[in-house]
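The values are calculated or read from the model by the stated rules, or taken from the named source; none is laboratory data. Computed from a predicted model, the values in this text were never measured in an experiment. Methodologically, a virtual Cβ is constructed for each residue, glycine included, from the backbone with ideal geometry; neighbour enumeration extends over all protein chains shown.
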Amino acid sequence: MATALSLKTLPDLPARVARPSYARDDLSPGIVHFGVGNFHRAHLQVYLDRLMNAGRDLDWAIVGAGVTPYDARMRDALAGQDWLSTVVEQSAAKSEARVTGVMTDFLPPMDGRAIIAGLADPATRIASLTVTEGGYFVNPALGKFDPEHPAIVADARNPDDPKTVFGLILAGLKARRAAGRAPFTVMSCDNVPHNGNVCRDAVAGLAAAQDAGFAAWVRDNVAFPNAMVDRIAPATSDRERAITRDEFGIDDAWPVFCEDFIQWVVEDKFTAGRPAFETVGAEFVADVTPWEMMKIRILNGGHAIIAYPAGLMDIHFVHEGMENPLVRAFLQKLERDEIIPIVPQVPNTDLDGYFRKVEERCLNPKIGDTIRRLCLDGSNRQPKFIIPSIADRLDKGLPVEGLALESALWCRYCEGTTDSGKVTEPNDPNWDRLQAKARAAKSDAAAWLSMADIYGRTAQAPAFADAFARWLGALWADGTEATLRRYLG
């Protein structure tokens, strides 16, 4: 019989389940976090739980916030269990469950007045966020904040009733400035290159549409540290709920499953102090760029390399994709021939050893990570994870055969059927556009590369465009398996 998770039932959980050594009454809030999803609860909350279990930084508890219906569903699920979360860490050899209790409240999502009040509270010293790669209002063609986005325009016209995360953060900062309080740090925990800079541009860019002087104050006085975050935490389904209930005896409405690997490298720039995360595994550095590029190019780029051939071959789980000899050989050859050689050296890090760890992580059968998740949102992910490697190699006059094949595989996937003829359900916010372009590209490869907001200048490079057209033609003529064999020689 599983125990329904709550503060009251913590003592009743099975002995094998780790639980907080700190009492909820001893905690006080210091962080307002936007986007209380699985990654946040498997990453930032885990680091904070480690700290509090060591008896430190009890005044840095988290208050949740959000601006979407998803946030409302998460709040409803967690409210019934006193904001507690079960985190199940899984290696290939074992699984361990821990209950974290570092979140003490969750402001009503989409309630601007309540969220602004929480941000203006003197106790709030960090506003953190995980709003996904596509949540920063960046114009893909320019790679810059888009002040003309309708949501941003609406917030600029209604600064006292903002609807976006950045409008709310700006209103909170404005309230603090008016009250003579120090600004909080804005800390992005999203998997975005230079995420702190991107976040700063969104907040200050929106401010500029309201008050140029205030925008300058934001840039001069608010800290936006860049960070590299890493942990695989797939979406929760009935499968994960059943494992939590049957294997660990916990009835949790929304448990978090994740790998046992975790990494966080952060620039040490904070306006109003921070928890001592370095004592529990985080690494603070002056410049996060080397770690960031390593992770985005090798890991996230690697996910894309696995995703599209596996998706076209009807493979469901990531570990099954890695067990396919063609998919794994494609990953190894493309990483070692074209990606790793152009990744700058990272202090005290062996890049090939890092890649071997990526392979090990992707082979973990316990995670249940899906190929469909890795294929998701290519229109936002490819310009960040793959196309920069293409551009760098072109600038150096280096071949891009493997990267062109990866891009052709993405195009072929977006056509909407697998090699077996199975229909691929929409898997991108821009699916209709991508599917139309992919179908046109079957007879004219240039139709796909015409998406300048995604490919930028790389589409005009003959070395890439010719290789892309050749590989796309091979995929349509011969299928994924035969094309991979040809590439692998």
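Side notes on the structure shown:
- Failed condition for I371, given (1) closer than 16 Å to G301 by Cα; (2) at pLDDT 95 or above; (3) surrounded by fewer than 21 Cβ atoms within 10 Å (Cβ to Cβ): (3)
- Every pair of residues 6+ apart whose Cβ atoms lie under 9 Å, when the first sits in the range 133-146 and is assigned by TED's automatic domain parsing to the domain that holds M451 while the second is surrounded by 19 or more Cβ atoms within 10 Å (Cβ to Cβ): none
- Qualifying positions in the range 20-45 - surrounded by fewer than 16 Cβ atoms within 10 Å (Cβ to Cβ), in contact with a helix residue (DSSP H, G or I) (Cβ under 9 Å, 6 or more places away or on another chain) and not small (G, A, S): D26
- Within the range 109-132, being assigned to a loop (DSSP other than H, G, I, E, B) and either more than 28 Å from I454 (Cα to Cα) or not assigned by TED's automatic domain parsing to the domain that holds G180 (or both) holds for P109, M110, D111, D121, P122, A123, T124, R125.
- The set of residues in the range 89-108 that are part of a loop (DSSP other than H, G, I, E, B) and out of contact with any Lys or Arg (no Cβ under 8 Å at 6 or more places or on another chain) comprises A93, K94, V102, L107.
- In the range 278-362, counting only helices (runs of 4 or more DSSP H) that sit wholly within it, the ones holding 3 or more residues that are touching a residue at least 40 places away in the same chain (Cβ under 8 Å), closer than 19 Å to R412 by Cα and outside the structural domain of L51 (by TED's automatic domain parsing) span 301-312, 325-334.
- Criterion: basic (K, R) and under 23 Å from W471 (Cβ atoms) - qualifying residue of K396, K357, K366: K396
- Within the range 1-17, none of the residues are under 19 Å from the mean Cα position of the chain (by Cα) and surrounded by fewer than 17 Cβ atoms within 10 Å (Cβ to Cβ).
- Scanning the range 291-317 for residues that are under 18 Å from the mean Cα position of the chain (by Cα) and farther than 13 Å from Q382 by Cβ yields a count of 9.
Residues are listed down the side, and each one gets a yes or a no for (1) in contact (Cβ under 8 Å) with a residue 60 or more places away in the chain; (2) in contact with a strand residue (DSSP E or B) (Cβ under 8 Å, 6 or more places away or on another chain); (3) farther than 22 Å from R373 by Cα:
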residue: G416; (1), (2), (3): no, yes, no
residue: E425; (1), (2), (3): no, no, no
residue: D428; (1), (2), (3): no, no, no
residue: D432; (1), (2), (3): no, no, no
residue: A452; (1), (2), (3): yes, no, yes
residue: G456; (1), (2), (3): yes, no, yes
residue: A461; (1), (2), (3): yes, no, yes
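Yes/no matrix, rows are residues, columns are (1) buried (at least 23 other Cβ atoms within 10 Å of the Cβ); (2) under 23 Å from the mean Cα position of the chain (by Cα):
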residue	(1), (2)
G167	yes, yes
A178	no, no
R181	no, no
T185	no, yes
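- Residue within the range 64-76 that is within 22 Å of F270 (Cβ to Cβ) and either crowded, with 19+ Cβ neighbours inside 10 Å or assigned by TED's automatic domain parsing to the domain that holds F184 (or both) present: yes
- Flag if L58 is in a loop (DSSP other than H, G, I, E, B) and closer than 24 Å to K8 by Cβ: yes
- Helices (runs of 4 or more DSSP H) contained entirely in the range 443-489, each with at least 2 residues that are closer than 18 Å to K333 by Cβ: 462-478, 480-488
- Among the conditions (1) surrounded by 16 or more Cβ atoms within 10 Å (Cβ to Cβ); (2) within 21 Å of the chain's Cα centre (by Cα); (3) of a type outside the set (K, R), L107 misses just one, which is (2).
- Boolean, F270 is in contact (Cβ under 8 Å) with a residue 24 or more places away in the chain and not charged (D, E, K, R): yes
- None of F261, F257 is outside any helix (DSSP H, G or I), surrounded by fewer than 18 Cβ atoms within 10 Å (Cβ to Cβ), assigned by TED's automatic domain parsing to the domain that holds A123 and not polar (S, T, N, Q) except F261.
- Hits in the range 203-237 (condition: among the aliphatic types (A, V, I, L, M), within 25 Å of E292 (Cα to Cα) and part of a helix (DSSP H, G or I)): V203, A204, V218
- Criterion: modelled with pLDDT of 95 or more, aliphatic (A, V, I, L, M) and closer than 18 Å to A215 by Cβ - qualifying residue of I152, I126: I152
- Condition met for E240 (part of a helix (DSSP H, G or I) and under 25 Å from R56 (Cα atoms)): no
- Among the candidates V198, V192, the residue that is at pLDDT 95 or above and either in a loop (DSSP other than H, G, I, E, B) or assigned by TED's automatic domain parsing to the domain that holds V32 (or both) is uniquely V198.
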